[in-house]
């Protein structure tokens with residue numbers, strides 16, 4: 001959707017106000033400008049010249065988690081998520097990116113080698129800047145560096161996932177072959193998730209290709225309106241994955257999944273050389289849980305005695321419609337008992353870089369999630385998105401709860417111990 | 001707004017509950033109606049008081065400086081009732097959102113205006129009690145707004161509307177005094193019925209700060225059925241017959257072919273796309289009497305020419321039918337982008353005539369008008385499917401609305417069943433109440449609000 005096409009979409013908002021029931025940001029800010037109806041009407045006002053696309057407008061456009069709750073709930077099906085992203089895009093095109101975002105997105109993300117070095121430096125120096133918690137949950141900042149002192153950060157791994165494995169892992173008696181898109185959070189911060197995925201796949205006689213030169217899916221750039229960077233990253237991902245001779249391309253992060261499965265189509269629609277490749281890739285892209293639920297967990301499954309509760313990440317449950325498969329997988333493992341929380345699809349407030357730029361607000365949203373988790377009798381929180389994991393861990397830690405937090409792959413892998 | 005005045009408002013409610021940035025204020029230039037007043041109508045300020053004391057201080061200040069006050073809940077009315085104007089302060093009552101008490105012995109509840117209707121309903125239902133009014137927006141509309149607009153809903157056929165449940169109110173007058181109306185008892189005839197005067201007054205007479213409602217026992221069960229017709233006229237004739245047979249359904253919804261086709265296209269639950277009309281009927285009460293009511297209604301529908309009756313066998317099947325009904329607007333929004341829900345209401349036995357006239361009006365002005373009515377109470381929601389960007393078509397739409405209203409009044413009906421007059425219909429109000437009636441309303445308004453600061457321009461058009 002381009003800026004000049006937006007009018008067609010904004011007039012479809014009948015202003016009923018039903019988004020007030022679901023918007024996590026509105027529940028905290030309570031100003032009409034913070035709810036989907038307000039944002040859509042501000043965009044309309046900018047199109048009609050009633051409101052200027054200035055800093056105040058930009059701030060209001062930043063009040064969106066892209067959680068898609070309003071889109072699912074909207075009686076007219078207005079694509080509020082795309083409208084807000086297009087507004088952010090226009091702001092970047094007209095005014096440029098703020099300095100920090102420019103450094104991270106344009107310099108860091110666009111250059112994989114620089115990003116790798118940065119992450120390596122981070123792994124080496126983080127001990128000076130952060131103190132590690134004794135319970136092994138993560139780190140808290142030691143120095144003032146723009147991060148809240150209370151904020152729990154997960155350390156950058158000293159050995160990223162992709163350096164731990166060869167590009168191809170051949171499973172004995174392989175029946176299928178898949179490619180793994182690792183995503184940044186899993187590769188650099190939480191390689192244990194990737195290790196769990198590989199363990200499960202090998203146990204299910206599935207060979208794995210992990211293209212070594214793969215990089216960020218582009219979501220951070222896309223979400224912040226930096227379309228040129230997002231396009232460049234999308235092209236690189238398509239180049240690395242579209243032509244692989246595999247049965248599926250597995251994703252272990254809700255947001256990366258949305259990008260590869262559907263958002264690339266829009267991002268690369270002006271690149272005719274890519275149209276056929278993008279289609280081919282999007283057909284093969286599938287969330288790890290969907291793929292596993294379809295073939296069913298094979299081999300000997302040891303009991304995993306845990307009471308768990310499952311958080312539906314926004315980009316899995318509404319972005320890709322993945323709801324039943326993770327539960328189906330957990331139910332197939334002996335010993336696992338699911339204790340559902342109230343409203344499992346409610347956003348945890350992370351929203352990727354949103355939690356960096358709006359930490360206070362994202363933690364207020366997070367508190368509802370923490371409360372809902374604590375109200376169950378579960379001792380483990382399971383989810384399918386590494387970004388939610390970091391944010392929910394932070395919230396649980398600040399709330400004084402010792403609930404274990406696992407990616408669903410980490411939970412399933414325990415059955416193969 | 002002058003810095004001095006701004007400071008005074010800030011002192012009353014606290015700085016963080018005052019919105020003074022243009023982009024924030026701009027978002028109060030519309031509500032759920034089709035009216036948006038834009039930049040030139042952007043309010044001077046938005047304030048969010050926490051209690052009746054703050055509301056009173058705001059009114060005193062506003063009255064002293066003659067600042068128009070626009071009370072607002074969730075901004076979900078469809079009559080333009082909370083649309084702002086440039087010199088006004090919008091007063092949002094969302095922070096006053098406590099259910100004060102639910103008295104299970106006397107079947108009454110007391111609550112603040114910012115409580116969301118559906119939240120209140122689910123709280124009383126946990127106790128086996130029932131607050132029936134169910135406007136389509138009840139999931140997000142507030143009780144204060146429901147009182148101001150006298151909201152209705154599909155259940156109106158059997159259970160009436162908001163006014164039938166409000167026993168008493170606490171209100172702040174335009175001049176700042178706090179008064180109580182009505183009582184917590186089922187009977188009270190002490191003095192004028194000020195409660196009824198204020199319910200449905202659309203924020204023009206006083207600010208509601210507390211509501212006392214009566215509750216009834218929650219019906220034990222319900223059952224849903226669909227009657228399929230090959231003729232819209234026959235379907236609409238059936239409505240009055242059902243009531244004449246002594247059955248009072250909870251809801252009786254009439255959907256025409258335009259809706260049936262689009263809903264089926266949208267939810268795929270096997271609705272009969274060839275049918276000219278369907279009646280979606282729900283009955284409730286004790287378990288033992290549900291089948292009996294359904295049998296009676298089915299018999300009448302078949303006698304009136306229904307080609308098929310479909311009774312939901314399970315709660316899931318019933319839910320599917322209601323999902324279909326609830327997705328009605330969404331489904332037609334794909335036909336044209338702008339949807340205008342008309343609200344004229346007629347006596348039940350006049351439904352067939354007026355439906356016929358609506359069809360003729362649509363043809364005359366070459367616009368699409370679909371019908372989806374709360375037919376059980378004569379509340380015909382003629383839905384105009386149009387495009388607000390097409391100025392020429394909007395002129396025809398405006399003319400068609402005028403003709404629908406005239407037709408409804410001629411049939412002994414009313415301009416609006418549950419949406420209110422607001423800005424949308426203020427120019428028509430005289431048609432229904434007459435010049436003398438209008439003058440009396442204006443006299444009442446001046447008596448309660450001498451400086452005309454409460455939601456001016458609404459309803460009475462001045």
task: Please report, to one decimal in angstroms, the Kirkwood hydrodynamic radius of segment B:336-440 built from all distinct Cα-Cα pairs.
output: 14.0
field: Angle in degrees between helix A:80-95 and the longest Cα principal axis of chain A, rounded to the nearest 10
entry: 70
query: Going by how many other Cβ atoms sit within 10 Å of their own, how do A:251, B:100 line up, fewest first?
result: B:100, A:251
- prompt: Within 10 Å of each Cβ of B:27-35, how many other protein chain Cβ atoms are there on average?
  reply: 5
message: Using a 10 Å cut-off around each Cβ, can you sort B:31, A:50, B:377, B:265 from fewest to most neighbouring Cβ atoms?
response: B:265, A:50, B:377, B:31
task: Take the Cα radius of gyration of segment A:161-293 and divide it by 2.2 N^0.38 Å, with N its residue count; two decimals is plenty.
output: 1.01
- prompt: Shape call for chain A from the C-alpha gyration tensor, a ≥ b ≥ c root eigenvalues: rounded (a/c under 1.5), prolate (a/b greater than b/c) or oblate?
  reply: rounded
message: For segment B:150-194 and segment B:195-262, what is the centre-to-centre distance using only Cα atoms, to the nearest Å?
response: 20
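What percent does the relative contact order of chain A come to when contacts are Cα pairs within less than 8 Å and at least six residues apart?
Taking the mean separation of contacting Cα pairs over the length of chain A, I get 14 percent.
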- request: Return the average number of partner chain Cβ atoms within 10 angstrom of each residue Cβ along peptide A:33-45.
  value: 4
task: May I ask you to list the residues of segment A:198-216 whose amide nitrogen lies under 14 Å from a point 7 Å from Cα along the Cα→beta-carbon direction of residue A:172?
output: A:202-206
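Take every DSSP beta bridge with both residues inside segment A:161-293 and express the antiparallel ones as a percent of the total, to the nearest 5.
Bridges in segment A:161-293 that DSSP calls antiparallel: roughly 15 percent.
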message: For segment A:3-91, what does the convex hull of the Cα positions come to per residue, in cubic angstrom?
response: 81
message: For segment B:309-462, what does the relative contact order come out to in percent, with C-alpha contacts under 8 Å and a separation of six or more?
response: 22
task: Normalise the Debye intensity by I(0) for segment B:193-288, one equal point scatterer per Cα, no solvent, then take log10 at q = 0.18 Å⁻¹ and round to two decimals.
output: -0.88
query: Given a Förster distance of 60 angstrom, what is the FRET efficiency for residue A:95 paired with residue B:440, based on the Cβ-Cβ distance and rounded to 0.05?
result: 0.60
field: Degrees separating the helix B:429-448 axis from the principal Cα axis of chain B, which is the longest one
entry: 30
message: How would A:215, A:391 line up from fewest to most surrounding beta-carbon atoms within 10 angstrom?
response: A:215, A:391
task: Evaluate E = 1/(1 + (r/R0)^6) for residue B:218 and residue B:196, where r is the Cβ-Cβ distance and R0 equals 22 Å; express this FRET efficiency to the nearest 0.05.
output: 0.25
message: Within 10 Å of each Cβ in B:317-329, how many Cβ atoms from other chains are there, averaged over the peptide?
response: 1
statement: From the Cα centre of segment B:111-127 to that of segment A:151-172, the distance in Å is 51
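Assuming a viscosity of 1.567 mPa s and a temperature of 4 °C, what translational diffusion coefficient in µm² per second does Stokes-Einstein assign to segment B:99-217, Rh being the Kirkwood radius over Cα pairs?
92
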statement: The distance between the Cα centres of segment A:323-346 and segment A:348-399, in whole Å, is 18
- line: Rounded to the nearest 10 degrees, the helix B:315-326 long axis (Cα) sits at an angle to the longest Cα principal axis of chain B of 60
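When the convex hull of the Cα atoms of segment B:3-92 is projected onto a plane and the area is averaged over all directions, what value comes out in nm²?
Its average projected convex-hull area is 5.4 nm².
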message: With both bridge residues required to lie in the protein assembly as shown, what share of the DSSP beta bridges run antiparallel, to the nearest 5%?
response: 70
message: At a threshold of 8 angstrom on Cα-Cα distance, excluding pairs fewer than six apart, so keeping six or more, what relative contact order does chain B reach in percent?
response: 15
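To the nearest 0.05, how large is the calculated FRET efficiency for residue B:188 and residue A:55 if R₀ is 56 Å and r is the Cβ-Cβ distance?
On the way: r = 56 Å, r/R0 = 0.99.
So, using R0 = 56 Å, E works out to roughly 0.50.
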- prompt: Taking segment A:199-275 as the region of interest, what is the percent of Cα-Cα pairs per 10 angstrom bin, listed from the shortest bin to the one with the maximum distance?
  reply: 17, 49, 25, 8, 0
message: Ranking request for peptides A:234-243, B:77-86: highest mean number of other beta-carbon atoms within 10 Å first, then the rest in descending order.
response: B:77-86, A:234-243
field: Globularity ratio of chain B, using Cα Rg and 2.2 N^0.38 Å
entry: 1.00
query: What is the Cα coordinate range of segment B:46-109 on the first, second and third principal axes, sorted by size from largest, in whole angstrom?
result: 47, 29, 16
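Based on the Cα atoms of the protein assembly as shown, what semi-axes does the equivalent ellipsoid have, where each is the square root of 5 times one gyration tensor eigenvalue, given in whole Å with the largest first?
51, 33, 27
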- request: Determine, at each q value in 0.23 (inverse angstroms), the log₁₀ of I(q)/I(0) that the Debye formula gives when each Cα of segment A:301-416 is one equal point scatterer.
  value: -1.34
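Taking 1 over the mean of 1/r across every pair of different Cα atoms in segment B:19-58, what Kirkwood radius in Å do you get?
Numbers: mean 1/r = 0.0876 Å⁻¹.
Every distinct Cα pair counted, the radius reaches 11.4 Å.
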task: Specify the residue with the greatest mean-square fluctuation among A:55, A:167, A:279, computed from a Gaussian network of chain A linking alpha-carbon atoms under 10 Å apart.
output: A:55
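Quick note: the coordinates plus some simple rules give every number you see, no bench work behind them. The shown structure was predicted, so the numbers you read here are calculated from the model rather than taken from an experiment. Note that each Cβ is placed from the backbone with ideal geometry, even for glycine, and that neighbours are counted across all protein chains shown.
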